[in-house]
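Colleague: Starting off with a structure, shown below.
The values are calculated or read from the model by the stated rules, or taken from the named source; none is laboratory data. Because the structure is a prediction, the values reported are computed rather than measured. All Cβ positions, even for glycine, are placed from backbone atoms using ideal geometry, and neighbour counts span all protein chains on display.
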Amino acid sequence: MAELGNLAEGERMCQLASVYELVQSHRITAVIYTAAMLNLAEAIGGETKSVDELANLVSADESALRRLLIALTTLGLCRQAEQDRFAMTDLGRQLDRDGDPSFKDWIIFEGEMLMQSWSGLLDSIRTGKTAAQLRGDGDDRYTAASNPPGWTRQFNAAMVSLTRSIVPKIIAAHDFAAARIVMDVGGGTGELIGGVLQHTPHLEGVAFDLARCEAEARAHFERLGIADRGRFVAGNFFEAIPRVADTILMKSILHNWKDDCCEIILRNCRNALPASGTLIVIERIMPERATTGAENRSCAMSDLNMLRGPGGRERTEAEYCKLAASAGFRLVGTAGIGMFSLIQFRSGEN
Ligand SMILES: C[S@@+](CC[C@H](N)C(=O)[O-])C[C@H]1O[C@@H](n2cnc3c(N)ncnc32)[C@H](O)[C@@H]1O
């Protein structure tokens, strides 16, 4: 409490009151998760609907549902048009599986898997270990035997919903005109490379990831009608990355891993690229000094999520540059793309 000592009384009261508010944040996650699981956004659609009609549509108790709708209204996800009639707001439509963007799969991942895992954060702060390490289940979250059933499917779907929301920003921030073959290392089920190929008809693309993503990635390329230019290559980026591309993308990969692992991945990227090849790293960037700004908070929360989950960390731009330099890359430039940044590197001579 000592750091509050210099604040004016009003500010002090405000800060104390907000701790009471902040610590209840899990209630907000539960409200959003419940609405998503009831398919409320899909039931309301673009209309205004009465609570009794909605209670029938989503199989809920009418009075309890009204209370949930009121809570959603206070969060800006619903609008109370009349006493007992509600509509979704633009923000609320992100709960709809067909919303643009839709975060439904992320909401389910957050509500079912992350919320439960975060309840053990204290153990990770005391020990510096991930949840899997504390269970005695090794250092690699992606292959941990103790992952709950359905974890891979739900994790992949959650990543797709997040990545889909920033693909347009990546395409706007980087000109792929000079590239011929782009490989997304740790590209999951192909969401990012699929979006890049759709936007840039002259490009060929590869999603490189563990075999666990192969079937979904191939189906995704077929759905997009780019299976002739987009392919999936299964492999392990700690062993070798195929030498097929002039440009490598890596989104949300390095933050999963400790520095020594990142150095191996980056060296393998370097070995896979020609001289003057392009490496594009897409990550959140940790501030040199934290503030209460929304982006700083989102990055700090993601950092703790990395501590608890895969055992990695969020890094400052200088830390990314140092890691990349150790593998033979030099910085070309950094562009902010919402909560993420796109950091472009060029490879030197092999
Ligand atoms: C956080 S996800 C990011 C997925 C995708 N880049 C995105 O942003 O949507 C990390 C990805 O790294 C992949 N991965 C983990 N270990 C790997 C390894 N040893 N070799 C290749 N890919 C791996 C996972 O399967 C997963 O798809």
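Colleague: How many of the residues making up the stretch 307-322 are buried (at least 20 other Cβ atoms within 10 Å of the Cβ) and under 14 Å from residue 259 (Cα atoms)?
Modeller: Result for the stretch 307-322: 6.
Colleague: Inside the stretch 197-219, can you point out the residues that are over 19 Å from residue 265 (Cβ atoms) and either within 12 Å of the ligand (Cβ to nearest atom) or surrounded by fewer than 16 Cβ atoms within 10 Å (Cβ to Cβ) (or both)?
Modeller: Result: 199, 201, 202, 214, 215, 216, 217, 219.
Colleague: Among (1) under 23 Å from the mean Cα position of the chain (by Cα); (2) more than 19 Å from residue 142 (Cα to Cα), where does residue 188 come up short?
Modeller: It fails just one condition, (2).
Colleague: Determine whether the stretch 269-287 contains at least one residue that is in contact (Cβ under 8 Å) with a residue 24 or more places away in the chain, surrounded by fewer than 14 Cβ atoms within 10 Å (Cβ to Cβ), in contact with a strand residue (DSSP E or B) (Cβ under 9 Å, 6 or more places away or on another chain) and within 25 Å of residue 194 (Cβ to Cβ).
Modeller: Yes, that holds for at least one residue.
Colleague: Being in contact with a helix residue (DSSP H, G or I) (Cβ under 8 Å, 6 or more places away or on another chain), crowded, with 16+ Cβ neighbours inside 10 Å and at pLDDT 95 or above, is that true of even one residue in the stretch 10-32?
Modeller: yes
Colleague: Let me ask something else about it. When the stretch 191-226 is examined, which residues are found to be under 21 Å from residue 238 (Cβ atoms) and small (Gly, Ala, Ser)?
Modeller: Answer for the stretch 191-226, where residues must be under 21 Å from residue 238 (Cβ atoms) and small (Gly, Ala, Ser): 207, 211, 217.
Colleague: Considering every residue within the stretch 179-196, establish whether at least one is modelled with pLDDT of 95 or more, touching a strand residue (DSSP E or B) at 6+ places or on another chain (Cβ under 9 Å) and surrounded by fewer than 16 Cβ atoms within 10 Å (Cβ to Cβ).
Modeller: Within the stretch 179-196, one or more residues are modelled with pLDDT of 95 or more, touching a strand residue (DSSP E or B) at 6+ places or on another chain (Cβ under 9 Å) and surrounded by fewer than 16 Cβ atoms within 10 Å (Cβ to Cβ).
Colleague: Restricting the search to the stretch 53-86, which residues are assigned to a strand (DSSP E or B) and farther than 26 Å from residue 24 by Cβ?
Modeller: If the condition is that a residue be assigned to a strand (DSSP E or B) and farther than 26 Å from residue 24 by Cβ, then 81, 82, 85 are the ones that fit.
Colleague: Which condition number in (1) among the hydroxyl-bearing types (Ser, Thr, Tyr); (2) at pLDDT 95 or above; (3) away from the ligand (no atom under 12 Å from the Cβ) is the one that residue 146 fails?
Modeller: (2)
Colleague: Mind telling me which of the residues 240, 217 ends up being within 18 Å of residue 164 (Cα to Cα) and either of a type in the set (A, V, I, L, M) or at pLDDT below 95 (or both)? Steps first, answer last, please.
Modeller: Details: 240 fails: within 18 Å of residue 164 (Cα to Cα).
One residue alone meets the criteria, 217.
A quick yes/no check of all residues on (1) in contact with a Ser or Thr (Cβ under 7 Å, 6 or more places away or on another chain); (2) free of Cβ contacts under 8 Å to residues at least 24 places away in the same chain:
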position: 157; (1), (2): no, no
position: 188; (1), (2): no, no
position: 193; (1), (2): no, no
position: 197; (1), (2): no, no
position: 200; (1), (2): no, no
position: 212; (1), (2): yes, no
position: 222; (1), (2): no, yes
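Colleague: Kindly provide the set of residues from the stretch 170-195 that are in a helix (DSSP H, G or I) and away from the ligand (no atom under 12 Å from the Cβ), ordered by number.
Modeller: So in the stretch 170-195, the residues in a helix (DSSP H, G or I) come out as 170-173, 191-195.
171, 172, 173 - these are the residues of the stretch 170-195 that are in a helix (DSSP H, G or I) and away from the ligand (no atom under 12 Å from the Cβ).
Colleague: Name the helices (runs of 4 or more DSSP H) wholly within the stretch 230-345 that hold at least 2 residues that are assigned by TED's automatic domain parsing to the domain that holds residue 185 and closer than 21 Å to residue 174 by Cα?
Modeller: On the way: elements: 259-272, 294-308, 317-326.
Here the list reads 259-272, 317-326.
Colleague: On to the next question. Does residue 327 satisfy the criteria of being in contact (Cβ under 8 Å) with a residue 60 or more places away in the chain and surrounded by 15 or more Cβ atoms within 10 Å (Cβ to Cβ)?
Modeller: Yes.
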